[in-house]
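Notes follow once the structure below has been shown.
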Amino acid sequence: MQKERNKYGKDFTLVVVGQIISLFGNAILRFALPLYLLRETGSSALFGIVTACSLLPMIVLSLLGGVLADRINKRNIMVGLDFLTTIVITAFYSLRSIAPIVPLFIVTLMLLYGISGTYQPAVQASIPALVPKEKVLFASAIVNQIGSLANFIGPIIGGMLYGIYGINIILIVSGISFFLSAVMEIFIVIPFKKQTGNNKIFQIVKNDLMESLYFLKSEKPVFIKLCIVIAGLNLFLSSMITIGIPVIIVDNLLMTDQMLGIAQGFLAAGGIIGGLLTVLFEKKLNPCKASVFLYLCAAFTCIMGFGMLLQNIHMFNYMVLSIMGMAITTSSTIFSIQMLAVVQTGTPLHLVGKVVACIITLIMCSQPIGQLLYGLLFELLSAHIAAIIIVTSVVSFLIAMYSTNILKQL
């Protein structure tokens, strides 16, 4: 038994280290490529449209990722996709002086997000296979912390590198990161039992999707209601943060790439703090009462909106955006980790990958719509930024109220 525990410890550690390297490169790319488009075009609407389009492959391929996670060795998925990302970045680097730059950026972002959508279900599905059931919440918090840490460091370093050296150094650093991650993941051993069946891939996807939806509908309908809550947050609150903060800092406050990187770092720091608090207070957290963190998100958003009413005080506006953004991500992270652990522990092991992928897909469907919506709002109503944020806080409060009764069913 001790030997088995040690083996699981080693393999989970390798997953974590691989995530550190891979997500570090991913965070830099996610910061630099959209910023390039915003700087080149100056259009928040185009920024929202491109960001929304980039997410579409991620939504579609999340389902494929869930199917693959349950039918293919999860280690092989991680290794293959990290090598593929390295190839995509190398191809972009080679074509950057030949192809039209804006379409090339759009295609590259769509490919990178699509790969990410296929990749994450494998990571999430590997957690229950590598750690005991009672440690799933702790392990999920660690994996979430890795993403938050990468998102914290990546934009800060990305802002510095982009501001000083431009996009080329970003591509080189990210490509090396993904290659090293793939090499690291080769040595992971994840328990895997091949599922039988000779159906074609599209039939497999259809069957697995139907199986997941049947499980959610007949055995865990509360999970579907949770999807509605989180999808609502993505549609309004997350989209406002994702589109609003870069647009406000770059176009309205007229600040540098480095300052935007630091603000994005504040957001990621909120994720780190939220993950740490989840680990520290693991035994005291009650998923049935997690709506309190959604009420906090609404309150912090309201403060952010009223802070924007004070115009022409750019540094004050910047600090309000950064600090309240960090508080929002702290609260939403604590909520998200609890909900993910509820799904992971409440789903049979052979269905975890498919169900998680199905839930992620359902949740993410709202995100491109929200990003497109807020891209247009921040362009058409650029003189009424505070009003946009305050209305978002009201909607977030209503979503928190809706979640209260749903969470009691857990």
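The values are calculated or read from the model by the stated rules, or taken from the named source; none is laboratory data. All values derive from a computational prediction rather than experimental measurement. Please note: Cβ atoms are built from the backbone with ideal geometry, for glycine as well, and neighbour counts cover all protein chains shown. Protein only, heavy atoms only, side chains kept; ligands, DNA and RNA dropped before computing areas. Shrake-Rupley method; radii C 1.70, N 1.55, O 1.52, S 1.80 Å.
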Give me the percent of accessible area attributable to carbon and sulfur for the chain, probe 1.4 angstrom. 71
How many nm is it between the label spots at Thr90 and Val391, if each spot is 7 Å from the Cα in line with the beta carbon? 4.8
Choice from Lys283, Lys354, Lys74 showing the highest fluctuation, given a GNM over the chain with Cα pairs closer than 10 Å: Lys283
Charge sum, other residues only, whose C-beta stays under 10 Å from Thr345's C-beta, Lys/Arg counted +1 and Asp/Glu -1: 0
At a threshold of 8 angstrom on Cα-Cα distance, excluding pairs fewer than six apart, so keeping six or more, what relative contact order does the chain reach in percent? 29
For labels at Leu254 and Lys135 in the simple 7 Å Cα→Cβ model, what's the distance in nm? 5.5
Along the Cα-to-C-beta direction of Met319, a point sits 7 Å from the Cα; which residues of the range 275-305 have their amide N less than 20 Å from that point? 300-305
Running a GNM on the chain with Cα contacts under 10 Å, which residue among Ala387, Ala182, Ala299 ends up with the highest mean-square fluctuation? Ala387
How would the chain be classified by its alpha-carbon gyration tensor: rounded, prolate or oblate, with rounded meaning a/c under 1.5 and the a/b versus b/c comparison settling the rest? oblate
Which of Asn234, Asn26, Asn73 moves most in a GNM of the chain, Cα contacts under 10 Å? Asn73
Projected label distance in nm at Lys284 and Met401, using a 7 Å step from Cα toward the beta-carbon: 3.0
Expressed per residue, the solvent accessible area of the chain in Å² (1.4 Å probe) is about 43
